[in-house]
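Asker: Sharing a structure, written as structure tokens. Questions coming.
The values are calculated or read from the model by the stated rules, or taken from the named source; none is laboratory data. Predicted, not measured: the structure shown is a model, and the values here were computed from it. A quick note on method: Cβ atoms are made from the backbone with ideal geometry, for glycine too, and the neighbour counts reach across all protein chains shown. Keep in mind that these areas ignore ligands, DNA and RNA; they rest on the heavy atoms of the full protein, side chains included. Shrake-Rupley method; radii C 1.70, N 1.55, O 1.52, S 1.80 Å.
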Amino acid sequence: MTDTGLSRRQILRTGALGGAALFLGVNLQSADVALAAPGDNATFKPDAFIRIASDGRATLIMPQTEMGQGIYTGLAMLIAEELDLPLGGVVLEAAPASDKLYGNPIFKVQATGGSTSMMGYWMPMRKVGASARAMLVAAAARRWRVDPQSCRTEAGAVFHDPSGRSLTYGALAGAAMRETPPAEPVLKDPSKFRLIGKSHRRLDTPEKTNGRTKYGIDAMPEGIQFATLASPPVFGGKVSAVDDTQAKSVPGVRQIIVLDDLVAVVGDTSWAAMRGLAAVDIRWDDGQFADVSTETIHDDLHEAGRLEGAVVVDTGARGKLTGEGVISAMYELPLLAHAPMEPMNCTVHITPGHCEVWVGTQVMTMSQRAAAEEAGLTPEQVTIHNHLIGGGFGRRLEVDGVRKAVRIARHVDGPVKVVWTREEDIGKAPYRSVYGAWLKAKLENGKPVAWSHKAVGPTVVGRWLPPAFDGKVDNDAVDGAAETPYDFPASFVTWVRHEPRGVQTAFWRGVGPNLNIFATESFVDRVAHEAKQDPLAFRRALIGKHARARAVLDIATEKANWDGALSPRSGRGISLQFAFGTYLCTVAEVVVADDGAVSVTRMTSAVDCGTPVNPDGIVSQIQGGLVFGLSAALHGRITLAAGRVQQSNYHDYRVVRMDEMPLIEVHVVRNAEAPGGIGEPGTVSVQAAVCNAIYAATGVQLTRMPIDRALIAKDVRT
């Protein structure tokens, strides 16, 4: 469903089948609410919909993708709150592909990522709910011939207490359709919230636990066949020669497809396709990147670090960073894969003049356009059936999988499901880039009087969303460096664009702040150490006007018992950040064995993300982010030799296991500020907190990830 008119007609038809209904749309950019008047189709062009049917339930056409972050519940809560419905009274339907109708208020395209959902939809969803409520009240008051101000709403009904009358929303929906949406809908005062601010069970949990949830990999259109593929082991390589003699004899193998840069085997089952592919003898032309290795990527990064960067912040620090008291350090992050639990998959059926795609994607319209380009069709000829996602982390912001699946499907009669093996995805996917940060500070009388931060890395934004990149500074790449929780007297922040050879870079959970918070918070500890001050006291003195930063710092350190006694080779470390509109402080506690093995025993976080819509969901997101970040800190690293990635699956690209899990505590600050993002911050905070704890335990500050045991072995701090 891609056409604006079709979308509207379909929704109206659905309502008509169920009896009289109220339809409302909201412009996601302006938060203006519009009425879907059947007789006014020429002018009705809302950007999202709610529909209140004759059964009284509200249906939200959900523009965002659910991938474990709980947004299906969070956005439904906003509608239910303002409508005075129970949370179970809101039904969700996945939106079709349309940037115009469903573009993310922050990205302006239909995308789910960057911890933007609650930030972007907080006001539009509340306004459309409040408008619907006002129209239902107006309809009831008109029928009863009473002042609307004398009516109240509760649990999906309008009440007129003086006369003892009441009508359900379902009974009023048709009449409400004839009312005019208020120009300025009155939002609930936060003191009246029934749902927002209270923990609620997620709406998607029951079907996930009983197995009824349909992920992309569960798509099974009639007549489906199965495929798997092999891409060149070196980025930019090509197929040189193929011998498929043995593969053709594998039972269940139906077709072997050889394209210029991939080989796919189609079979009756995924197992047949995988066995068939294993039997194909493929020789590759490695191309120009066969000499790329971890060492060359490292050398290139450091060469780029010598360049002058684009100036992001300049408040007079450069002239002060000379003479005694200047401290400097360089921090570096490695390539990382996303490794989501649900294997990469995409099902495609191409028929004359049309292409259907079943996939779990964070970018509906980008997937639609990619499919159209590969199928030789227009976007309007492509239907995307989006599904819940079994882990995204940025991997499904990319459409390379859709492109390859469509290219394969062009050679298949009927629908074909393409499933990537874990080895194919980890070994040949877009990666989180290597990053470098060069920092300097000057101390005078125990205080930093000047601070500089040079960030070096690619512009993923420039490739992924070109209009958001001005050609000079990638705002994501300097997020967490351009604005910190600290009041430095003078700062100088720059960015050097550096695209690593031989790999395609992509967003990864935590995006730009991963580098900048790791570098900044590690360096703050380093400077505190040079100033011979406690890291907590040093930060408190720097925070200045950032009261919310001070609050999370105080809560986290108090709950973590910052001054409590520790055993030898144990330590606590702080990471404080402001990113994604959220303040977060994490205190990590570690024990370092004599051989350098690190046990993270406890992580205590305090988070201020503004109004906590669903506190339990916030805690879950921080917990999940901490675990994700801990995997990267302890184990995460993609390495290359002769242009080939050396990792392939979870056995050599580790995530933390049960026996490595620390005790995690998350404390949520309550206030009435607008919501900030919550999916990414936990991941960002881990590396610096853990490394600073190791610094406290051993006296060694780690400046590269993942943790190198050799650097901290047998280093007993005195």
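Asker: If I filter region 84-130 down to residues being more than 17 Å from LEU60 (Cβ to Cβ) and among the charged types (D, E, K, R), which single residue comes out as farthest from the chain's Cα centre (by Cα)?
Answerer: Once the filter is applied, the top-ranked residue is LYS100.
Asker: So ARG306 clears everything in (1) open to solvent by 30 Å² or more (accessible area, probe 1.4 Å); (2) within 24 Å of GLY236 (Cα to Cα); (3) without any contact (Cβ under 8 Å) to a residue 40 or more places away in the chain except one condition, right? Which one?
Answerer: If we test ARG306 against (1) open to solvent by 30 Å² or more (accessible area, probe 1.4 Å); (2) within 24 Å of GLY236 (Cα to Cα); (3) without any contact (Cβ under 8 Å) to a residue 40 or more places away in the chain, just (2) comes out false.
Asker: Residues being hydrophobic (A, V, I, L, M, F, W, C), under 14 Å from ARG133 (Cα atoms) and without any contact (Cβ under 8 Å) to a residue 60 or more places away in the chain: count how many of those fall in region 46-82. Outline the logic, then answer.
Answerer: Narrowing region 46-82 to residues hydrophobic (A, V, I, L, M, F, W, C): 48-50, 52-53, 58, 60-62, 67, 71, 75-80.
Remaining after also requiring under 14 Å from ARG133 (Cα atoms): 50, 52-53, 58, 78-80.
Then keep just the ones that are without any contact (Cβ under 8 Å) to a residue 60 or more places away in the chain; that gives 79.
So the answer is 1.
Asker: Cβ-Cβ under 6 Å, sequence separation 6+ or interchain: first residue in region 377-398 and farther than 15 Å from LYS214 by Cβ and open to solvent by less than 30 Å² (accessible area, probe 1.4 Å), partner at pLDDT 95 or above and among the hydroxyl-bearing types (Ser, Thr, Tyr). Which pairs?
Answerer: These pairs meet every condition: ARG396/THR361.
Asker: Regarding VAL239, is this residue closer than 20 Å to GLN504 by Cβ, outside any strand (DSSP E or B) and open to solvent by less than 40 Å² (accessible area, probe 1.4 Å)? Don't jump to the end; show me each part of the working.
Answerer: Working: closer than 20 Å to GLN504 by Cβ: yes; outside any strand (DSSP E or B): no; open to solvent by less than 40 Å² (accessible area, probe 1.4 Å): yes.
Judged against the criteria, VAL239 is not a match.
Asker: Let me ask another. Is there a residue being of a type in the set (Ser, Thr, Tyr), out of contact with any strand residue (DSSP E or B) (no Cβ under 7 Å at 6 or more places or on another chain), within 26 Å of ILE678 (Cβ to Cβ) and crowded, with 16+ Cβ neighbours inside 10 Å anywhere in region 503-513? Lay out the reasoning, then the answer.
Answerer: Within region 503-513, the subset of a type in the set (Ser, Thr, Tyr) is 505.
Checking which are out of contact with any strand residue (DSSP E or B) (no Cβ under 7 Å at 6 or more places or on another chain) leaves us with none.
No, every residue in region 503-513 fails to be of a type in the set (Ser, Thr, Tyr), out of contact with any strand residue (DSSP E or B) (no Cβ under 7 Å at 6 or more places or on another chain), within 26 Å of ILE678 (Cβ to Cβ) and crowded, with 16+ Cβ neighbours inside 10 Å.
Asker: A follow-up question, please. Name the single residue, out of those in region 200-214 being under 14 Å from TYR72 (Cα atoms) and either assigned to a loop (DSSP other than H, G, I, E, B) or in contact with a helix residue (DSSP H, G or I) (Cβ under 6 Å, 6 or more places away or on another chain) (or both), that is most open to solvent (accessible area, probe 1.4 Å).
Answerer: Looking only at region 200-214, we keep the residues that are under 14 Å from TYR72 (Cα atoms), and these are 200-208, 213.
From the residues that got through so far, the ones that are either assigned to a loop (DSSP other than H, G, I, E, B) or in contact with a helix residue (DSSP H, G or I) (Cβ under 6 Å, 6 or more places away or on another chain) (or both) too are 200-204, 213.
On the way: HIS200: 40, ARG201: 217, ARG202: 62, LEU203: 63, ASP204: 13, THR213: 15 Å².
Checking each candidate, the answer is ARG201.
Asker: Which condition does LEU584 not pass, out of (1) among the hydrophobic types (A, V, I, L, M, F, W, C); (2) assigned to a strand (DSSP E or B); (3) open to solvent by 10 Å² or more (accessible area, probe 1.4 Å), if it passes all the others?
Answerer: (3)
Asker: Return yes when ASP479 is among the acidic types (Asp, Glu) and either under 23 Å from GLY571 (Cα atoms) or open to solvent by 20 Å² or more (accessible area, probe 1.4 Å) (or both) and no when it is not.
Answerer: Values: among the acidic types (Asp, Glu): yes; either under 23 Å from GLY571 (Cα atoms) or open to solvent by 20 Å² or more (accessible area, probe 1.4 Å) (or both): yes.
Yes: the conditions hold for ASP479.
Asker: With ILE707, ILE694 as the choices, which residue is part of a helix (DSSP H, G or I) and either closer than 26 Å to GLU295 by Cα or open to solvent by less than 10 Å² (accessible area, probe 1.4 Å) (or both)?
Answerer: Every option except ILE694 fails the conditions.
Conditions tested, residue by residue: (1) at pLDDT 95 or above; (2) among the aliphatic types (A, V, I, L, M); (3) surrounded by fewer than 19 Cβ atoms within 10 Å (Cβ to Cβ).
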| residue | (1), (2), (3) |
| --- | --- |
| THR520 | yes, no, no |
| PHE523 | yes, no, no |
| ARG526 | yes, no, no |
| HIS529 | yes, no, yes |
| GLN533 | yes, no, yes |
| ARG540 | yes, no, yes |
| GLY544 | no, no, yes |
| ARG550 | yes, no, yes |
| ILE555 | yes, yes, no |
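Asker: Please indicate, with yes or no, whether at least one residue in region 633-656 is closer than 23 Å to PRO535 by Cα, over 23 Å from the mean Cα position of the chain (by Cα) and modelled with pLDDT of 95 or more.
Answerer: No: zero hits.
Asker: Just to verify a result, which residue in region 439-467, among those that are among the hydrophobic types (A, V, I, L, M, F, W, C) and buried (at least 22 other Cβ atoms within 10 Å of the Cβ), is farthest from ARG501 (Cα to Cα)? First the steps, then the outcome.
Answerer: Step one: list which residues in region 439-467 are among the hydrophobic types (A, V, I, L, M, F, W, C), which gives 439, 441, 443, 449-451, 455-456, 460-461, 464-465.
Checking the rest, the ones that are also buried (at least 22 other Cβ atoms within 10 Å of the Cβ) come to 439, 441, 450-451, 455-456, 460, 464.
Numbers: LEU439: 24, ALA441: 31, ALA450: 34, TRP451: 31, ALA455: 18, VAL456: 14, VAL460: 14, TRP464: 18 Å.
Of everything passing the filter in region 439-467, ALA450 is farthest from ARG501 (Cα to Cα).
Asker: Give me a count of the residues in region 330-347 that are open to solvent by 20 Å² or more (accessible area, probe 1.4 Å) and in contact with a helix residue (DSSP H, G or I) (Cβ under 7 Å, 6 or more places away or on another chain). Talk me through it step by step, then tell me what you get.
Answerer: Taking region 330-347 as the starting set, the residues that turn out to be open to solvent by 20 Å² or more (accessible area, probe 1.4 Å) are 330, 341, 343.
Next, from what is left, pick out any that are in contact with a helix residue (DSSP H, G or I) (Cβ under 7 Å, 6 or more places away or on another chain): 343.
Of the residues in region 330-347, 1 are open to solvent by 20 Å² or more (accessible area, probe 1.4 Å) and in contact with a helix residue (DSSP H, G or I) (Cβ under 7 Å, 6 or more places away or on another chain).
Matching residues to (1) basic (Lys, Arg); (2) buried (at least 19 other Cβ atoms within 10 Å of the Cβ); (3) at pLDDT below 95; (4) under 39 Å from the mean Cα position of the chain (by Cα):
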| residue | (1), (2), (3), (4) |
| --- | --- |
| PHE159 | no, no, no, no |
| GLY170 | no, yes, yes, yes |
| ALA173 | no, yes, yes, yes |
| LEU187 | no, no, no, yes |
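Asker: Exactly one condition in (1) in a loop (DSSP other than H, G, I, E, B); (2) surrounded by fewer than 21 Cβ atoms within 10 Å (Cβ to Cβ); (3) at pLDDT 90 or above is not met by MET123; state its number.
Answerer: Answer for MET123: the failing condition is (1).
Asker: Restricting attention to region 475-517, report how many residues are in contact with a Leu (Cβ under 7 Å, 6 or more places away or on another chain) and of a type in the set (Phe, Trp, Tyr).
Answerer: Residues flagged as in contact with a Leu (Cβ under 7 Å, 6 or more places away or on another chain) and of a type in the set (Phe, Trp, Tyr) within region 475-517 amount to 3.
Asker: Going through VAL418, VAL456 one at a time, which residue ends up being touching a helix residue (DSSP H, G or I) at 6+ places or on another chain (Cβ under 8 Å), more than 25 Å from ASN516 (Cα to Cα) and in a strand (DSSP E or B)?
Answerer: Numbers: VAL456 fails: more than 25 Å from ASN516 (Cα to Cα).
After applying the criteria, what remains is VAL418.
Asker: If you go through region 566-581, how many residues are of a type in the set (A, V, I, L, M, F, W, C) and open to solvent by less than 10 Å² (accessible area, probe 1.4 Å)?
Answerer: Residues meeting the conditions: 3.
Asker: Which residue pairs have Cβ atoms under 9 Å apart, sit 6 or more places apart or on different chains, and have a first residue in region 185-198 that is outside any loop (DSSP other than H, G, I, E, B) and a second that is surrounded by fewer than 14 Cβ atoms within 10 Å (Cβ to Cβ)?
Answerer: PRO190/ALA672
Asker: Has region 294-303 got any residue that is over 35 Å from the mean Cα position of the chain (by Cα) and surrounded by fewer than 18 Cβ atoms within 10 Å (Cβ to Cβ)?
Answerer: No, every residue in region 294-303 fails to be over 35 Å from the mean Cα position of the chain (by Cα) and surrounded by fewer than 18 Cβ atoms within 10 Å (Cβ to Cβ).
Asker: Still on this model: So, restricting to strands (runs of 3 or more DSSP E) that lie completely within region 1-112, which ones have at least 3 residues that are open to solvent by less than 20 Å² (accessible area, probe 1.4 Å) and modelled with pLDDT of 65 or more? Write out each step before concluding.
Answerer: Numbers: elements: 22-26, 33-35, 49-52, 58-62, 90-94.
Because the criterion is at least 3 residues that are open to solvent by less than 20 Å² (accessible area, probe 1.4 Å) and modelled with pLDDT of 65 or more, the strands (runs of 3 or more DSSP E) in region 1-112 that meet it are 22-26, 49-52, 58-62.
Asker: Quick one: VAL627 ticks every box in (1) within 30 Å of PRO430 (Cβ to Cβ); (2) of a type in the set (A, V, I, L, M, F, W, C); (3) in contact with a Gly (Cβ under 9 Å, 6 or more places away or on another chain); (4) open to solvent by less than 10 Å² (accessible area, probe 1.4 Å) bar one, so which box is it?
Answerer: Just one mismatch for VAL627, condition (4).
Asker: Just one of the numbered conditions (1) open to solvent by 10 Å² or more (accessible area, probe 1.4 Å); (2) more than 20 Å from the chain's Cα centre (by Cα); (3) under 30 Å from ALA477 (Cα atoms) is not true of ARG133; which one?
Answerer: (3)
Asker: Quickly run through region 255-291 and pick out the residues that are in a loop (DSSP other than H, G, I, E, B) and either surrounded by fewer than 18 Cβ atoms within 10 Å (Cβ to Cβ) or of a type in the set (Gly, Ala, Ser) (or both). Step through it out loud before you land on a result.
Answerer: First, the residues of region 255-291 that are in a loop (DSSP other than H, G, I, E, B): 259-262, 268-269, 279-280, 286, 290-291.
Across region 255-291, the qualifying residues are LEU259, ASP260, ASP261, ASP268, THR269, ALA279, ALA290, ASP291.
Asker: Still on this structure, please answer the following. Given the criteria open to solvent by 10 Å² or more (accessible area, probe 1.4 Å), over 21 Å from PRO513 (Cα atoms), part of a loop (DSSP other than H, G, I, E, B) and not aliphatic (A, V, I, L, M), does SER599 qualify? Step through it out loud before you land on a result.
Answerer: Numbers: open to solvent by 10 Å² or more (accessible area, probe 1.4 Å): yes; over 21 Å from PRO513 (Cα atoms): yes; part of a loop (DSSP other than H, G, I, E, B): no; not aliphatic (A, V, I, L, M): yes.
Spelling it out, it is not the case that SER599 is open to solvent by 10 Å² or more (accessible area, probe 1.4 Å), over 21 Å from PRO513 (Cα atoms), part of a loop (DSSP other than H, G, I, E, B) and not aliphatic (A, V, I, L, M).
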